[in-house]
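For reference, the structure is listed below as structure tokens.
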Amino acid sequence: NTNFPWLLFSLIFLVFVISVASNAVMIILIHIDPHLHTPMYFLLSQLSTMDILYISTIVPKMLVDQLVGQNNISFAGCTAQHFLYLTLAGAEFFLLGLMSYDRYVAICHPLRYPILMSRKVCLLIVAAAWLGGSVDGFLLTPITMQFPFCASREINHFFCEVPALLKLSCTDTSAYETAMYVCCIMMLLIPFSVISACYTHILITVYRMTEAEGKRKAVATCSSHMVVVSLFYGAAMYTYVLPHSYHTPEQDKAVSAFYTILTPMLNPLIYSLRNKDVTGALKKALGQCSSRRIRKDFLQ
């Protein structure tokens, strides 16, 4: 609730448009520019696809509710939103974890990069990420939604997230919450272990480098990935790993808004602003569009 509903609506709508547009531009640039036809950018295009689907699962419903002045959602709609959210969030978790392997190979084994990061390996990474996310969605959604909701049926949240839904149940959900806690720990622990192992080897390799330019380039290629991982994993750890006694429903909403609404917008901006290849591809594409327009105007 807010005293300025139209200001909140405009702000969320602006973030949504920027997020979808920036991720779509990333996907298009990676597709049309031959210099970006590399494993790293292929994985980035998958990340952008996930971000578009991720934010579209939650924000359009929020905007429509604010526009028409109602905050209702059907049981089927809540189930679908819950499943898609878990699947896409899980897929992004696994993809970000596996993307660290690409950086590890690029810096620690550059000569073997074309073999270790072949097209087949890239497709396996993407398939593993989607499969991991789907397992999460198919496993947790039926269990969460089978609990009888005999409380007020008023979700103290802006979308159907697991902790908020469980508070509506009139049965004891402690066993399920413990199991879900262990599941979330595993989901975070597996990718985080991969990231830690890869970046430990990367740091050792960078430390042993003698050329300053090589060190700078290595740090630049890894820093964007680490920023995105820190934002996404940090917010998820706060929500699902930190005991509920340490945070309030209002804090939960704020953190959830960060990683469901702001993170999909920040991801492409972090990668594009800190990446000369992407900014170069964007300038080239804009230049081509501008020259075509000038040529068309001249011919007319």
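Starting from 0.36 nm per residue, how many nanometres of slack lie between Thr279 and Ser196 once their C-alpha separation is accounted for?
27.0 nm
Plugging the Kirkwood radius over Cα pairs into Stokes-Einstein for the chain, at a temperature of 25 °C and a viscosity of 0.890 mPa s, what D comes out in µm²/s?
116
HN-Hα J couplings of the range 93-104 from phi, Karplus 6.51/-1.76/1.60, θ = phi - 60°, integer Hz, Gly and Pro as x?
Those phi angles translate into 4, 5, 5, 4, x, 6, 5, 5, 5, 4, 5, 4 Hz.
Could you compute how fast the range 69-170 diffuses translationally, taking Rh as the Kirkwood radius over C-alpha pairs and applying Stokes-Einstein at 10 °C with viscosity 1.306 mPa s? Give it in µm² per second.
For the chosen part, D equals 100 µm²/s.
In degrees between 0 and 90, to the nearest 10, how far off the longest principal axis of the chain does helix 174-208 point, with axes built from Cα atoms?
Rounded to the nearest ten degrees, it is 20.
May I ask you to derive the relative contact order of the chain, considering only C-alpha pairs under 8 Å and at least 6 residues apart, and to give it as an integer percent?
Over the chain, the number comes to 25 percent.
Using only Cα atoms and rounding to the nearest 10 degrees, what angle (0 to 90) does helix 263-273 make with the longest principal axis of the chain?
10
Over the range 1-118, what per residue volume does the convex hull of the Cα atoms give, in whole Å³?
So the per-residue Cα hull volume is 131 Å³.
Using a basic spin-label model with each label point 7 Å from the Cα along Cα→Cβ, how many nm lie between Glu213 and Cys150?
For Glu213 paired with Cys150, the spin-label model returns 7.3 nm.
Want the number for Lys120 to Thr171: 0.36 nm per residue separation, take away the alpha-carbon distance, what's left?
Answer, rounded to one decimal: 13.6 nm.
Quick one: divide the alpha-carbon radius of gyration of the range 70-115 by 2.2 N^0.38 Å and tell me what you get.
1.98
Can you list, by residue number, the Cys in the chain that have no neighbouring cysteine C-beta under 4.7 Å?
Cys108, Cys122, Cys183, Cys184, Cys198, Cys222, Cys289, each lacking another Cys Cβ under 4.7 Å.
Select from the range 115-164 those trypsin sites (Lys or Arg not before Pro) which occupy a DSSP coil region and have at most 13 other Cβ atoms within 10 Å, ordered by residue number.
Loop-located and lightly packed - Arg153.
Note the angle between two axes, namely the Cα long axis of helix 276-299 and the longest principal axis of the Cα atoms of the chain, as a number of degrees from 0 to 90, rounded to the nearest 10.
Once rounded, the angle reads 80 degrees.
With each run of n ≥ 4 DSSP H residues scored as -39500 (n - 2.57), what mean residue ellipticity at 222 nm is computed for the chain after dividing by its residue count and rounding to the nearest 500 deg cm²/dmol?
-27500 deg cm²/dmol
Normalised by the empirical 2.2 N^0.38 Å for globular proteins, what value does the Cα Rg of the range 11-51 take?
In units of the globular-protein estimate, the range 11-51 measures up at 1.25.
Taking Cα centroids, how far is the range 262-284 from the range 144-179 in Å?
Taking the Cα centre of the range 144-179 as reference, the centre of the range 262-284 is 39 Å away.
Evaluate E = 1/(1 + (r/R0)^6) for Leu203 and Leu262, where r is the Cβ-Cβ distance and R0 equals 30 Å; express this FRET efficiency to the nearest 0.05.
Here the calculated transfer efficiency is 0.55.
The numbers here are math on the coordinates, done by the rules we state, and not lab data. The structure displayed is predicted, hence computed values, not measured ones. Neighbour counts run over all protein chains shown; Cβ positions are idealised from the backbone, glycine included.
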